[in-house]
Amino acid sequence: MTAVYTFMDYRSQGQMIPYILVDIATPPTGGLNLFNLYVALSRSSGRSTIRLLRNFDDKLFQASHGPELIVEDDRLETLNAETKEQWERNTGGRK
């Protein structure tokens, strides 16, 4: 007997799971994006501990990010640079 439980990719964020079984199918309520795929496939400790439930469309991995995600990434990068600059001003560069 093997204990098993399931959850969506967003619930697995930040977790490290020893062995995972991933279903890369288009959900009935929407589509997958590169972020969903990254989260789902990066929860295990390595390639050898991931199993895919079914075949998938290779085009999922060749898609580009949506424009809104690129804008948000740019915004976060700017905030990161501003925070780093302020930290260095306030601490004199000490870590």
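Tabulated results
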{"item": "Check on T83, among the β-branched types (V, I, T) and either exposed (fewer than 11 other Cβ atoms within 10 Å of the Cβ) or without any contact (Cβ under 8 Å) to a residue 24 or more places away in the chain (or both)", "result": "yes"}
{"item": "Members of the range 16-26 found to be more than 26 Å from P67 (Cα to Cα), part of a loop (DSSP other than H, G, I, E, B) and either among the aliphatic types (A, V, I, L, M) or open to solvent by less than 40 Å² (accessible area, probe 1.4 Å) (or both), listed by number", "result": "M16, I17"}
{"item": "Pick from the range 43-80, criterion loosely packed, with under 11 Cβ neighbours inside 10 Å and of a type in the set (S, T, Y), ranking: farthest from the chain's Cα centre (by Cα)", "result": "T78"}
{"item": "Selection from the range 27-37 of residues that are open to solvent by 40 Å² or more (accessible area, probe 1.4 Å) and not in a helix (DSSP H, G or I)", "result": "P27, P28, T29, G31, L32, N33"}
{"item": "Check on A40, under 17 Å from I20 (Cβ atoms) and open to solvent by less than 80 Å² (accessible area, probe 1.4 Å)", "result": "yes"}
{"item": "Condition met for I50 (modelled with pLDDT of 80 or more and not acidic (D, E))", "result": "yes"}
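The values are calculated or read from the model by the stated rules, or taken from the named source; none is laboratory data. Quick caveat, the model's predicted, so the values are computed rather than measured. In this analysis, Cβ positions are derived from the backbone assuming ideal geometry, glycine residues included, and neighbour counts consider all displayed protein chains. When the accessible area is computed, the model is the full protein with side chains, heavy atoms only, and any ligands, DNA or RNA have been set aside. Shrake-Rupley method; radii C 1.70, N 1.55, O 1.52, S 1.80 Å.
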